[in-house]
1. Please calculate the 1.4 Å probe accessible area of F48, with all protein chains present, and give it to the nearest 10 Å².
2. Taking percent of Cα pairs over 40 Å apart as the quantity of interest, determine which of (1) 24; (2) 13; (3) 9 was computed from the displayed structure.
3. Place +1 on the Cβ of every Lys and Arg and -1 on the Cβ of every Asp and Glu in the chain, take the dipole about the Cα centre, and give the residue among I256, G316, L114 whose Cα lies farthest towards its positive end.
4. So if we plug the beta-carbon distance of L362 and L297 into 1/(1 + (r/R0)^6) with R0 = 22 Å, what FRET efficiency do we get, rounded to 0.05?
5. Could you report the accessible area of T393 in Å², rounded to 10, computed with a 1.4 Å probe on the protein chains as they sit in the structure?
6. In deg cm²/dmol and to the nearest 500, what is the mean residue ellipticity at 222 nm of the chain if only DSSP H runs of at least 4 residues count, each as -39500 (n - 2.57), divided by the residue total?
7. Need one number: nm distance between label points at I309 and W274, each 7 Å from Cα along Cα→Cβ, rounded to one decimal.
8. With a 10 Å cut-off between alpha carbons and a GNM built on the chain, which of N39, N367, N13 moves the most?
Amino acid sequence: MLKTGYFILEGLNSFSTVCYAYYLFFFMEKTFGFGNEANLALAALYGFIYTFAAWWGGRFAQRFGYFTALKVGFVIMIAALACGARLQSASGQVLVMGAAVIGMCFTWPTLEALVSEGETPAGLQRMVGIYNVVWAATGAIAYFSGGAMLDHLGLKSIFYVPVAFQFVQLAFTLWLEAQARARAGQGRGPQTANQPALLAQALNPRPIAKAKSFLRMAWLANPFAYIAINTLLAVIPGLARRLELSTMLAGFCCSIWCFARLGTFFTLWLWPAWHYRFRWLVSAYAAMICAFAGILLAPNLAVLVVAQIFFGAAVGLIYYSSLFYSMDVGETKGEHGGLHEAAIGLGTFAGPGVGAASLHFLPRFPNSGALAVTGLLVLGLGGLLGVWSLERTRNRTRMTIDD
């Protein structure tokens, strides 16, 4: 019952944060005239804040309790977005974004920990699968419908709609907290960050050296996936303008990768044979690079659609790997969730930052940002292969990494 409530809370959180974060770039373009360079710089700042706030948010949840972290996060986001609806300056909106990101970072590591605490390895596979399908589904719906929301409800709807959802989330969190306390008083409540671990690491049948090796590789690959994702999000308004798409049509046509990622999550949830198989991780990474370049340089809508399908599948496997291995290794779920989210923030900072710098210093080359970020992704592929080789050498006497 409680975990069902956590999944409902997760779905609401995904919808509300996507409505704001993904369409902030459209808002800044239409309200303040932001182009690709300015939006990429904004996305880089978003990622810089997210990196440190997510790490700290995970530690806060582990130390002070999951429900405390959720309540703090929702209150901060409500206050920030309520202010955003009133502010009329670009600098004010940047400050609002920073505050909203900090609030967000109290929620995601906590939700990841809540759904995975106290699970056996088999139960963890099921919980992480449901978790990924829920947030990906509601996030895809939010991105798909967000353009129509802006066209019909106005630009300020990126503040009002998320705030309405977050009030519901805060009230639901208070109810879940009361239910958890009641169940704990009866001796049948779930683990929280304030309770001793009930399950030992021995419940994980995988060799711990192998598990940690794949965790390190996934933590390397996932930031690069978010380099690609957040670079795309920042330049989608410009891409829509080039392909002559309205905001509503951009939401419809540029959210296809989200649905492809959702399908991948569902497949990986039901089919666990990909666990601890390096070939799946490296193949997904290579496909991501090709699809990323295809989306940014797409000459028409058909190429854009096909490239998004491959892109969504690739980033889906990379993200799933990072979260699954984070939850599969160790007992400090909140802290590991924070590190997983911090890696996302690192990618969100690096990709748009490189793209913005390229456009700033090479303004006569409009594709310089896309080429620079693609080059960064290629370097990441080399790094992933290098880490795999080092891990094989280090653990050769203790384990075998399946390739």
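The values are calculated or read from the model by the stated rules, or taken from the named source; none is laboratory data. Fair warning: this is a prediction, and the values are worked out from it, not measured in the lab. Cβ: placed from backbone, ideal geometry, glycine included. Neighbour counts: every protein chain shown. Side chains included, ligands, DNA and RNA excluded: accessible areas come from the protein's heavy atoms. Shrake-Rupley method; radii C 1.70, N 1.55, O 1.52, S 1.80 Å.
1. 100 Å²
2. Matching entry in (1) 24; (2) 13; (3) 9: (2).
3. Of the listed residues, the answer is L114.
4. Details: r = 16 Å, r/R0 = 0.73.
With R0 = 22 Å, the Cβ-Cβ based efficiency is 0.85.
5. 90 Å²
6. Working: 15 runs with 323 residues, N = 403.
For the chain, the value works out to -28000 deg cm²/dmol.
7. So the two model labels end up 1.7 nm from each other.
8. Of N39, N367, N13, the Gaussian network model singles out N367 as fluctuating most.
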